[in-house]
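This report concerns only the one structure given below.
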């Protein structure tokens with residue numbers, strides 16, 4: 001029998017997303033998809049697989065966590081997110097299934113789900129052998145552990161059947177920005193492919209400082225603007241990016257190269273007496 005949604009319409013297939021550092025040159029992503037589709041086919045069901053990205057820098061768990069944070073904010077409820085950036089594959093590190101924000105996240109327990117560990121989450125270890133492939137490679141848990149578990153969960157499996165509860169998932173030690181003496185103090189968290197500097201400072205912290213602020217980084221004072229087009233070509237400035245974090249950019253250039261900044265470079269936002277106001281991107 002075909003499941004139906006509102007007004008008797010056929011229900012949409014469940015959504016599974018994939019976020020990895022595998023790239024697309026090798027067959028790894030395709031193998032994961034093949035396992036997911038095989039599990040679904042054996043149940044007479046269909047699933048919808050979405051590639052979030054497979055271009056996370058190799059072994060960069062922080063970058064993977066940021067990609068997962070971005071994806072979680074735009075996909076519908078009940079989406080199953082699989083994230084595999086796993087330099088510790090085959091060791092004693094745990095594999096997790098996390099329920100949070102009305103969605104499910106499957107990832108190695110190395111901090112990838114840090115941004116999803118707000119209020120009201122539940123986590124379980126992926127240990128039940130019946131929801132893995134019969135032969136599990138020590139070097140490819142994306143295919144043999146996470147992919148089959150994701151398919152079963154998307155098709156309705158309760159998370160507590162995957163394994164015992166986990167109360168202490170690994171959290172990345174990225175420092176959240178803090179307010180001190182009327183300024184927001186943070187750091188660069190990620191440099192994207194455009195050379196934009198994504199920081200730990202959140203939009204709400206900038207808004208709390210008022211409409212006249214300046215950004216200081218690498219010995220430079222930069223204006224806060226609404227979007228890239230508010231800068232002259234080659235000019236550096238800061239803005240609230242689409243993920244709700246402060247970012248530093250150079251219009252049609254690389255802020256990372258221009259400012260010689262990288263992950264960990266300090267960033268400060270403070271009030272200024274300048275007459276220039278900044279416009280919130282969502283205003």
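Quick note: the coordinates plus some simple rules give every number you see, no bench work behind them. Just so it is clear, the model here is predicted, and its values are computed rather than measured. Don't worry about glycine lacking a Cβ; one is built from the backbone with ideal geometry, like all the others, and counts go over all protein chains shown.
For segment 6-161, the equivalent ellipsoid derived from the Cα gyration tensor has semi-axes of 22, 18, 16 Å, listed largest first. Simple spin-label estimate for residue 74 and residue 46 gives 2.4 nm between the two label positions (7 Å along the Cα-to-Cβ direction from each Cα). Considering every pair of different Cα atoms, what Kirkwood radius, in Å, is found for segment 7-60? Across segment 7-60, the inverse of the average 1/r is 12.6 Å. Normalised by 2.2 N^0.38 Å, where N is the number of residues, the C-alpha radius of gyration of segment 159-206 stands at 1.73. Each of 54, 190 was scored by other Cβ atoms within 10 Å of its Cβ. Arranged with the fewest first, they read 54, 190. State the antiparallel share, in %, of DSSP beta bridges confined to the chain, rounding to the nearest 5. Approximately 75 percent, going by the DSSP bridge assignments. Every pair of different Cα atoms in segment 79-153 enters the Kirkwood calculation, which places the hydrodynamic radius at 12.4 Å. Relative to one another, the C-alpha centroids of segment 77-109 and segment 160-234 are positioned 24 Å apart.
May I ask you to list the residues of segment 153-168 whose amide nitrogen lies under 15 Å from a point 7 Å from Cα along the Cα→beta-carbon direction of residue 130? The answer is 153, 156-164, whose backbone nitrogens lie closer than 15 Å to the label point.
Computed with the Debye formula from one identical point scatterer per Cα of segment 178-271, without solvent, the log10 of I(q)/I(0) at q = 0.12, 0.19, 0.24 Å⁻¹ comes to -0.29, -0.77, -1.28.
With N the number of residues in the chain, Rg(Cα) / (2.2 N^0.38 Å) evaluates to 1.13. Computed from label points 7 Å out along Cα-Cβ, the spacing between residue 263 and residue 93 is 1.2 nm. When DSSP beta bridges are restricted to pairs lying wholly in segment 149-273, around 95% turn out antiparallel. Over segment 59-119, what is the mean sequence separation of C-alpha contacts under 8 Å (at least six apart), divided by residue count, expressed as relative contact order in percent? Reported relative contact order: 40 percent.
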